[in-house]
1. Please verify whether Gly183 is without any contact (Cβ under 8 Å) to a residue 24 or more places away in the chain and either in the same structural domain as Gly291 (by TED's automatic domain parsing) or open to solvent by 10 Å² or more (accessible area, probe 1.4 Å) (or both), treating the condition exactly as stated.
2. Tell me yes or no: at least one residue of the range 155-163 is within 16 Å of the ligand (Cβ to nearest atom), within 20 Å of Ile234 (Cβ to Cβ) and not aliphatic (A, V, I, L, M).
3. Could you please find all residues in the range 86-132 being in contact with a helix residue (DSSP H, G or I) (Cβ under 7 Å, 6 or more places away or on another chain), among the charged types (D, E, K, R) and within 12 Å of the ligand (Cβ to nearest atom)?
4. Across the range 236-257, what is the number of residues that are under 14 Å from Ala25 (Cβ atoms) and open to solvent by 20 Å² or more (accessible area, probe 1.4 Å)?
5. Within the range 297-315, can one find any residue that is buried (at least 17 other Cβ atoms within 10 Å of the Cβ) and more than 16 Å from the ligand (Cβ to nearest atom)?
6. Restricting the search to the range 197-230, which residues are open to solvent by 50 Å² or more (accessible area, probe 1.4 Å) and among the hydrophobic types (A, V, I, L, M, F, W, C)?
7. Check Gly251, Gly212 and return the single one that is more than 22 Å from Gly20 (Cα to Cα) and assigned by TED's automatic domain parsing to the domain that holds Pro79.
8. Name the single residue that is nearest to Ala191 (Cα to Cα) among those in the range 299-320 being in contact with an Asp or Glu (Cβ under 7 Å, 6 or more places away or on another chain) and part of a loop (DSSP other than H, G, I, E, B).
Amino acid sequence: MDKILIDGGVPLRGSVAASGAKNAALPIIAASLLAEGEHRIRNVPDLADVRTLGRLLGHMGCQAERNAGEKGALWVRVPAAVEPEAPYELVKTMRASVVVLGPLVARWGKARVSMPGGCAIGARPIDQHLKGLAALGAELHLEHGYVEATAPRGRLHGATFTFDGQTVTGTENVMMAAVLAEGETLLRNCAREPEIVDLADALRGMGARIEGDGTDDIWIEGVESLRPIDHVVIADRIEAGTFLVAGALPGGDVTVKGCVPAHVEALVEKLRTVGAQVLPVEGGLRVVGDGRPRPVDVRTGPHPGFPTDMQAQMMVLLCLADGSSKITETVFENRFMHVQELQRLGADIAVDGKTAVLKGVPGLSGAPVMASDLRASAALVLAGLAAQGTTEVHRVYHLDRGYERIEEKLAPLGARIRREKA
Ligand code: EPZ
């Protein structure tokens, strides 16, 4: 298991490019199951989770291979018939594999997908995914840790379905199931994340008829068949946001290329409130950390609210503010595991249920810390960059799930950061 070592206290200066969005690439790769042929998905980040989904498609009889001639290009060849099964061994390493369920049952009328189970940040149930598929006519059978879904007449039918609560992959799963269903579907109370709009764009490029993605209500008219994808994945707004926070640390001046300002509005609003300058520049955003941050309260929520995936990173900035801040995590029930690690670096944080109260401290001091989940590990890297002395972040496999060689992206900004075999 690798570890990352950081000699902190050096303000970051320069320009960094965001990679393609993990949480858009994953459902779009799964959407390739909806059509036979060679799918061309571009700007796909080179991440552990993407490789895991590629292995899963391989298990089904597809081939997912990088195109050597084009950085970020992933070609996915889908045959006329696949083995519509997602085994536990693969799903347990990446619960987002559950997004193959909708495409499989939509195209082949049956699917057997391992229940993803929970993860460090929460129970992560998929009841909304299943209720949505059932509304489209899927018969569901849960046994031995697997969901077996079948379309009784070989094809799903359109329906009106209202989600009990916003779910990103739930909206994606049911939307992908509906594009081949017979008739019209209206999905209500949908999630509105930019990754859902990107998936809908990819599906429209395949010939799907979808409107309303990015709003609460998504309308879909089912079609008989779809053609292969040719799509460029949007930039990763969470990776970009992580670099924006890095630039907002005292003394920072960082330009994040590829960042779509409309995708990070809630974060930018908070960065400006704490005193950072955030300026639109050609192809991205520039952030300047103007002295010690001011305190601000943050409450996470579904898009366009403040993203839960940026909560840990924002906490690092507020640990250094000249006053007290409150962070309320409303999306996941256990997403404060970075707190005790930040306390090891000298942060003053008290957690009470869904709320963390931070008393800003003038500085952090480096120490060995342990990553627990993807975004917590990104926060620990940011904290190490701000801290005086050396920070060792252990279990960085969490980090590699969502960040393409983060140390190679931060070093050109002046970060004294390196990866070592632990
Ligand atoms: C997606 O997870 C992202 N993952 C997560 O990013 C992100 O944190 C999350 O959305 C919220 O924005 C991918 O897109 C691959 P949800 P997802 O369904 O879809 C509850 C990262 O760091 N819920 O929107 O699994 C659920 O428990 C990852 O890249 C149900 O109760 O999240 C949670 O409390 C971490 N029943 C809330 O909804 C369901 O059927 C939101 O979950 C589904 C969800």
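1. Values: without any contact (Cβ under 8 Å) to a residue 24 or more places away in the chain: no; either in the same structural domain as Gly291 (by TED's automatic domain parsing) or open to solvent by 10 Å² or more (accessible area, probe 1.4 Å) (or both): yes.
So Gly183 does not fit the description; no.
2. Going residue by residue through the range 155-163, those that are within 16 Å of the ligand (Cβ to nearest atom) are 161-163.
Those still in the list that are within 20 Å of Ile234 (Cβ to Cβ) too: none.
For the range 155-163, residues within 16 Å of the ligand (Cβ to nearest atom), within 20 Å of Ile234 (Cβ to Cβ) and not aliphatic (A, V, I, L, M): absent.
3. Arg124
4. First pass over the range 236-257, keeping only residues under 14 Å from Ala25 (Cβ atoms): 236-239.
Next, only the ones that are open to solvent by 20 Å² or more (accessible area, probe 1.4 Å) stay: 237.
Total satisfying the criteria: 1.
5. From the range 297-315, those buried (at least 17 other Cβ atoms within 10 Å of the Cβ) are 298, 300, 302-303, 306-315; that's our starting set.
From the residues that got through so far, the ones that are more than 16 Å from the ligand (Cβ to nearest atom) too are none.
No - not one qualifying residue is present in the range 297-315.
6. Of everything in the range 197-230, just one residue is open to solvent by 50 Å² or more (accessible area, probe 1.4 Å) and among the hydrophobic types (A, V, I, L, M, F, W, C), namely Trp219.
7. Values: Gly251 fails: assigned by TED's automatic domain parsing to the domain that holds Pro79.
On inspection, the qualifying residue turns out to be Gly212.
8. First, pick out the residues of the range 299-320 that are in contact with an Asp or Glu (Cβ under 7 Å, 6 or more places away or on another chain): 300, 303-304, 308, 311.
The next check asks that each one be part of a loop (DSSP other than H, G, I, E, B); those that pass are 303-304.
On the way: His303: 7, Pro304: 10 Å.
My answer is His303.
The values are calculated or read from the model by the stated rules, or taken from the named source; none is laboratory data. This one's a predicted model, so the numbers in the text were calculated from it and none came from an experiment. Note: ideal-geometry Cβ built from the backbone for every residue, glycine included; neighbour counts use all protein chains shown. We work out accessible area using only protein heavy atoms, side chains counted, and drop any ligands, DNA or RNA first. Shrake-Rupley method; radii C 1.70, N 1.55, O 1.52, S 1.80 Å.
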